[in-house]
Amino acid sequence: MTFFKSLLLAIFATLFLTYVLGVSFLELLDINVYMDGELIEPLKAIGVSAVATVILVLIALAIVLSVFGSLIFVGFLIVGSLIMVAVGVFWPVLLIAAIIWLMTRNHSEKQYTKAR
């Protein structure tokens, strides 16, 4: 599953759960939400809380991805630097091994087949 597909599914699930649970609790507990002395209809009250929840989830996702992304990047840097050091130190050995392999590798079958 791609990252953006997972992200959209997570946002949809968050909105759905917030709406369902919000409406259920508002009706079960008979809660009325007022702003500036005016009664806010339940759907708007749930919508505001859903948007706030999605924003908090996106912020948390950005923090988690930045932390793990930076750890993965540092890991790749360390592995890459070790590979470069190994190639830098052992390049004569690798060059000689490549020359020996090129000289002694199996030749194609066409070269050694007998004419019939």
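Proximity of backbone amide H atoms, modeled 1.01 Å from N, is registered between Ile40 and Val33, Tyr34, Met35 at under 5 Å, excluding neighbours fewer than 5 places apart on the same chain. When peptides 87-99, 53-65 are sorted by average Cβ neighbour count within 10 Å, with the highest value leading, the order is 53-65, 87-99. If the chain linking Phe16 and Phe76 were pulled fully straight, counting 0.36 nm for each residue of separation and taking away their Cα-Cα distance, it would gain 17.8 nm. A simple spin-label model places the labels of Val51 and Leu8 2.2 nm from each other, with each point 7 Å out along Cα-to-Cβ. Computed from phi, the 3J(HN,Hα) profile of segment 61-75 under the Karplus parametrisation 6.51, -1.76, 1.60 (θ = phi - 60°) reads 5, 5, 5, 5, 5, 5, 5, 5, x, 5, 5, 5, 4, 5, x Hz, with x in place of Gly and Pro. With the simple model of a label 7 Å out from the Cα in the direction of the Cβ, Ile100 to Leu28 spans 7.5 nm.
Bear in mind these aren't lab numbers, they're just calculated from the coordinates by the rules spelled out. The structure displayed is predicted, hence computed values, not measured ones. Glycine gets a Cβ as well: all are built from the backbone with ideal geometry, and neighbour counts include every protein chain shown.
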